[in-house]
Amino acid sequence: MKRILIVDDLHPAFKEQAIAMGYQVDDEPQITRQQTLDKIKDYTGIAVRTKFRIDAEIFAAAPNLKFVARAGAGLDNIDDKIAFERNIELINAPEGNCDAVGEHATGLLLSLMNNFRRADIEIRNGVWDREGNRGYELKGKKVGIIGYGFMGQSFAKKLAGFEADVMAYDKYKTGFSDAFVREVSMEEIVKHSDVLSLHIPLTAETKQMVDDEYFFHFKKPIFFINTARGEIVKTTAVLNAIKNGKILGAGLDVLQTEKFPALGEQSWYDELKNNDQVILTPHVGGWTFDSYRKISEVLAEKLKGLNF
């Protein structure tokens, strides 16, 4: 019998639809990595969100594995090379949380451009400073998007009502200009952007791609948004760019080191947390009450398309 092991917190919609397709589903969101290693040999599929990496050790313990379902957008916590070599299908669900990410990126941008965080703190501490918290309007600003997949497209759509001039560069895609975005070169992004937002996956090519030199080439001060993956960006480069005026404000939903205590141990953490030009959120951009359900529905629909 085809069996699926759910090792993370997924909306029941995935389990319910998988059972309807004839799968036996063991829903064990509290299971540990070691317990997974001990029993994965008996399963056709495994469903995971962020609990642990599906790596060589997991694959070696799973001779009958036919697919990995990743409840989220990226596949960077799965060793896709081994999966490809063994003809193991990988399914993910960027369609399920792209709206959440697009809205979150928009919220970070508006908060930065209008000093929401600083103004709120000041008022709570008895300071009423209108001039110091004067903001910028999005209308007419040039927004540069790096990566025009589901997430980049969602962000562009969310910006449509603001009448911004939205541009996008995607190294692996051409001919994608639409009602929401103009396809441009990276040179145009660097020359014209007032806002830069990342919507690319973490790969060997993109890891720490955004460094001091990357920001150096931008011709105008920018607002910088990262809701993609933290390891794409060197945090020290963001802080340096703020200090030298290259970045007016940074909205970071992801960091190159995440979760405590590891985050608090980074040499740059104190400077980051004390910088009032930075807004931080805990990698929650794609994780809403709505996307929780939609991700499972998308995964279930893609499961229907697998043939074993």
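The values are calculated or read from the model by the stated rules, or taken from the named source; none is laboratory data. If you're wondering where the values come from, they're calculated on a predicted model, not measured in any experiment. Heads up, the Cβs are rebuilt from the backbone with ideal geometry, glycines too, and the neighbour counts pull from every protein chain shown. To get the accessible areas, we keep the full protein, side chains included, count just its heavy atoms, and leave off ligands, DNA and RNA. Shrake-Rupley method; radii C 1.70, N 1.55, O 1.52, S 1.80 Å.
Go over the candidates Ala262, Ala250 one by one and state the one that is small (Gly, Ala, Ser) and open to solvent by less than 10 Å² (accessible area, probe 1.4 Å). Before you say what the answer is, go through the steps one by one.
Working: Ala262 fails: open to solvent by less than 10 Å² (accessible area, probe 1.4 Å).
Going through Ala262, Ala250 in turn, the sole match is Ala250.
Residues of the range 178-209 that are charged (D, E, K, R) and over 15 Å from Ile225 (Cα atoms): Asp178, Arg182, Glu183, Glu187, Glu188, Lys191, Glu205, Lys207. Candidates Phe218, Phe155, Phe180: the one that is surrounded by 17 or more Cβ atoms within 10 Å (Cβ to Cβ) and more than 25 Å from Cys98 (Cβ to Cβ) is Phe218.
For the range 158-171, which residues satisfy the criterion of being loosely packed, with under 14 Cβ neighbours inside 10 Å and either over 17 Å from Ala228 (Cβ atoms) or touching a residue at least 60 places away in the same chain (Cβ under 8 Å) (or both)? Let's see the steps before the verdict.
Step one: filter the range 158-171 for residues loosely packed, with under 14 Cβ neighbours inside 10 Å, giving 160-161, 163, 171.
Listed by number, the residues that qualify are Ala160, Gly161, Glu163.
Lys302 falls short on exactly one of the conditions (1) farther than 17 Å from Glu95 by Cβ; (2) out of contact with any Phe, Trp or Tyr (no Cβ under 9 Å at 6 or more places or on another chain), and that condition is (1).
Any chance you could count how many residues in the range 85-141 are assigned to a loop (DSSP other than H, G, I, E, B), among the aliphatic types (A, V, I, L, M) and open to solvent by 40 Å² or more (accessible area, probe 1.4 Å)? I'd like the intermediate steps shown before the answer.
First pass over the range 85-141, keeping only residues assigned to a loop (DSSP other than H, G, I, E, B): 86-88, 92-93, 114-115, 125-130, 134-141.
Now narrow it down to the ones that are among the aliphatic types (A, V, I, L, M): 88, 93, 127, 138.
Narrowing further to those that are open to solvent by 40 Å² or more (accessible area, probe 1.4 Å): 127.
Total meeting the criteria: 1.
Can Thr174 be described as in a loop (DSSP other than H, G, I, E, B), open to solvent by less than 40 Å² (accessible area, probe 1.4 Å), over 18 Å from Cys98 (Cα atoms) and not aliphatic (A, V, I, L, M)? Quick ask: steps written out before the conclusion?
Numbers: in a loop (DSSP other than H, G, I, E, B): yes; open to solvent by less than 40 Å² (accessible area, probe 1.4 Å): no; over 18 Å from Cys98 (Cα atoms): yes; not aliphatic (A, V, I, L, M): yes.
No, not satisfied.
Looking only at residues in the range 75-112 that are within 16 Å of Asn226 (Cβ to Cβ) and out of contact with any helix residue (DSSP H, G or I) (no Cβ under 8 Å at 6 or more places or on another chain), which one is modelled with the lowest pLDDT? This residue is Asp76.
Among the residues making up the range 1-26, a single one is surrounded by fewer than 20 Cβ atoms within 10 Å (Cβ to Cβ) and in contact with a Gly (Cβ under 7 Å, 6 or more places away or on another chain): Lys2.
If I filter the range 71-84 down to residues being charged (D, E, K, R) and in contact with a Leu (Cβ under 7 Å, 6 or more places away or on another chain), which single residue comes out as least open to solvent (accessible area, probe 1.4 Å)? Reasoning before the result, please.
Here is the first cut: in the range 71-84, the residues charged (D, E, K, R) are 76, 79-81.
Going one step further and asking which of them are in contact with a Leu (Cβ under 7 Å, 6 or more places away or on another chain), we end up with 76, 80.
Details: Asp76: 54, Asp80: 92 Å².
Ranking the qualifying residues of the range 71-84, first place goes to Asp76.
Can you work out which of the residues in the range 183-206 that are charged (D, E, K, R) and surrounded by fewer than 15 Cβ atoms within 10 Å (Cβ to Cβ) is farthest from Asp76 (Cα to Cα)? Here the answer is Glu187.
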